[in-house]
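Below: the structure, in C-alpha cells.
The values are calculated or read from the model by the stated rules, or taken from the named source; none is laboratory data. As the structure is a computational prediction, the values presented were derived from the model and not from experiment. When we count neighbours, we look across all protein chains shown, and the Cβ atoms used for this are built from the backbone with ideal geometry, even at glycine. These area figures cover heavy atoms from the full protein model, side chains too; ligands, DNA and RNA do not enter into them. Shrake-Rupley method; radii C 1.70, N 1.55, O 1.52, S 1.80 Å.
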Amino acid sequence: DAMVIQNPRYQVTQFGKPVTLSCSQTLNHNVMYWYQQKSSQAPKLLFHYYDKDFNNEADTPDNFQSRRPNTSFCFLDIRSPGLGDAAMYLCATSRDGMQQETQYFGPGTRLLVL
Amino acid sequence: RKEVEQDPGPFNVPEGATVAFNCTYSNSASQSFFWYRQDCRKEPKLLMSVYSSGNEDGRFTAQLNRASQYISLLIRDSKLSDSATYLCVVNRNNNDMRFGAGTRLTVKP
C-alpha cells in the first residue's frame, strides 16, 4: 500500500503559470518535507512542516510556497514557474523529524516548464 | 565545498564484483548517517542506516569514521538489480537531512 502519494506524477506548466503539486500520507507522521531534485543532483530541501509549524530553508526562493491543511496533506505552490524550476519534486515524511529517523519518500512529481 | 561529497562515478562493474563507495561530510556535528538507493526517475529509498560500529545487511556493509568524517558502502557479489544511484545522507540535526549528489552504479552481465 502506498504510504506517501504524490499527484500528479507528471506536470507540464507554462512559464509564469502558477502550479500546485500535491502530497498525501497514510503514515500519520508529524513531519512533511518538500525537496527539489534536478538531474544528477542531490535532493535539495525546500521546506518542511512539523505539524502546522512551517520551516523554510534560508535559500528557498519566495516563488515556492507550501500549505498543510491537515496532517495528511501538504501542497507545494510555485507561484510563477521559470524554466529553471523544471525538476523532480519529492515529498517525504518522518514521524517526528528526529535525527535517527528515516524519511519516507513519495514517487515524486516531475515538473516540466514550457 | 559541498556539505556531503561522494565519488562521482559512474561505476561499471561485472556481476559478482565487489564495489565500494565513499562519502565525506563537512559538518562535524552530524549525528546520523544513511545510505539511500535511487533508481532512475524514482524516489530515494532507504538502503541502510550507518552506525558508529559499522553494520552489515546481507551483501551490504556500511562503515563510519567520525574522526575523518567519512562514510563508506561496500557491496559484495554485485547483482544486476543493484544498478542504481546510491545517495549518501547526513542528518545534521532534527529535520536537517543533507544528501550527496549520488554515485551511479551499473552492474553488467
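Remark: accessible area buried at the B-A interface is about 1800 Å², both chains counted, probe radius 1.4 Å.
Leaving ligands, DNA and RNA out of it, report the carbon-plus-sulfur percent of the accessible area of the protein assembly as shown at a 1.4 Å probe.
Values: 5160 of 10770 Å².
With neighbouring chains kept in place, the figure for the protein assembly as shown is 48 percent.
Taking θ as phi - 60° and the Karplus parameters 6.51, -1.76 and 1.60, the scalar couplings of region B:58-66 work out to x, 7, 10, 10, 10, 10, 10, 10, 5 Hz in sequence order, x denoting glycine and proline.
Solvent exposure of chain B, expressed per residue, is 48 Å² of accessible area, with all protein chains present and a 1.4 angstrom probe. Mean partner shielding of peptide B:86-94, defined as the number of other chain Cβ atoms within 10 Å of each residue Cβ, is 3.
Is there a simple number for the mean count of other chain Cβ atoms within 10 Å of the Cβ of residues in B:95-103, and what is it?
Details: counts 14, 6, 12, 4, 7, 3, 5, 5, 0.
That works out to 6 on average.
In the full protein context, chain A carries 49 Å² of accessible surface per residue, based on a 1.4 Å probe and ignoring ligands, DNA and RNA. Of the trypsin sites (Lys or Arg not before Pro) found in region B:1-107, the ones in coil according to DSSP and having at most 15 other Cβ atoms within 10 Å of their Cβ are B:Arg1, B:Lys2, B:Arg41, B:Lys42, B:Arg59, B:Arg66, B:Arg76, B:Lys79.
How well do other chains shield peptide A:100-107, expressed as the mean number of their Cβ atoms within 10 Å of each residue Cβ?
6
Applying the criteria of a DSSP loop state and at most 14 other Cβ atoms within 10 Å to the chymotrypsin sites (Phe, Trp or Tyr not before Pro) of region B:41-109 yields B:Tyr51. When trypsin sites (Lys or Arg not before Pro) are flagged only if DSSP places them in a loop and at most 12 other Cβ atoms lie within 10 Å, the longest unflagged stretch of chain A comes out as A:53-114. Rounded to the nearest 20, the size of the Cβ-charge dipole of the protein assembly as shown about its Cα centre is 420 debye, with Lys and Arg at +1 and Asp and Glu at -1. Database note for chain B: Cys without another Cys beta carbon under 4.7 angstrom, B:Cys40. Considering only DSSP states other than H, G, I, E and B, which chymotrypsin sites (Phe, Trp or Tyr not before Pro) in region A:1-40 qualify as loop sites with at most 13 other Cβ atoms within 10 Å? Sparse-neighbourhood loop chymotrypsin sites (Phe, Trp or Tyr not before Pro): A:Phe15.
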